[in-house]
Amino acid sequence: MIRLSIPAVTAVSLLLLGVSLPAGDAAGQQGTQPTSDVGRVNAASQVFIAAISARDIQAMERLWAHEPYVTFMGPLSTTIVVGWEGVKKAWEMRFGQFDRVTISLAESHVHTNGNVAWAIGAEKVQLLRKNGDTLSFDAFVTNVFEKQDDRWLLVSHQATPMFRETQ
């Protein structure tokens, strides 16, 4: 059974209903572009994080554009995945590698321009591998969205671990 937190269920519900959330200072764009689009991209970003944490491939299918040009480069990737079928397989593989995935967004900046939006930020990632080992790191993240039929869908995801120099 897949369980989502109340905020995740709320974000999914609002996104599916097309309700916009207040963008606030996290978007860094208040007053310079339509709040409804920034709010909806922020909501889509939160639903994306919830889908990763729940390891929910059906949610991913609803969040991603099913296009040949979508791309995926996760923090553990060794190649660039291009095209929806490859991206879906990459998520299925990742979900199969971990018993638990926890992601918290530490910083986010969203910008929209017509039918394209990008959300960049920093996140804290904690992974529990099937063998019991844990992996924790901070990552820079860039998500690119495209508005299709009045819905903001992912077309690119890149997460890069932050380099920390040892003391």
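The values are calculated or read from the model by the stated rules, or taken from the named source; none is laboratory data. The structure presented is a predicted model; accordingly, all values stated were derived computationally and were not measured. Positions of Cβ are generated from backbone atoms using ideal geometry, with glycine treated the same way; all protein chains shown enter the neighbour counts. These accessible areas exclude ligands, DNA and RNA; they are computed on the full protein's heavy atoms, side chains included. Shrake-Rupley method; radii C 1.70, N 1.55, O 1.52, S 1.80 Å.
Six or more apart or on different chains, Cβ under 8 Å: which pairs go from a residue in the stretch 43-58 that's more than 12 Å from Leu105 (Cα to Cα) and part of a helix (DSSP H, G or I) to one that's open to solvent by 20 Å² or more (accessible area, probe 1.4 Å) and small (Gly, Ala, Ser)? Could you list them?
Close Cβ pairs (under 8 Å, with a partner that is open to solvent by 20 Å² or more (accessible area, probe 1.4 Å) and small (Gly, Ala, Ser)) amount to Ala43/Ser20.
How many of the residues making up the stretch 33-57 are open to solvent by 30 Å² or more (accessible area, probe 1.4 Å), more than 15 Å from Leu153 (Cβ to Cβ) and not hydroxyl-bearing (Ser, Thr, Tyr)?
The qualifying residues number 2.
Could you check the stretch 138-167 and list, in sequence order, the residues that are touching a Pro at 6+ places or on another chain (Cβ under 7 Å) and either under 14 Å from Ser45 (Cβ atoms) or open to solvent by less than 20 Å² (accessible area, probe 1.4 Å) (or both)?
Answer for the stretch 138-167, where residues must be touching a Pro at 6+ places or on another chain (Cβ under 7 Å) and either under 14 Å from Ser45 (Cβ atoms) or open to solvent by less than 20 Å² (accessible area, probe 1.4 Å) (or both): Ala139, Ala159.
Among what's in the stretch 76-128 and is free of Cβ contacts under 8 Å to residues at least 12 places away in the same chain and either open to solvent by less than 20 Å² (accessible area, probe 1.4 Å) or among the aliphatic types (A, V, I, L, M) (or both), pick the residue that is nearest to Asp56 (Cα to Cα).
Met93
Considering only residues of the stretch 58-75 that are closer than 23 Å to Met162 by Cβ and modelled with pLDDT of 95 or more, which is surrounded by the most Cβ atoms within 10 Å (Cβ to Cβ)?
The selected residue is Phe72.
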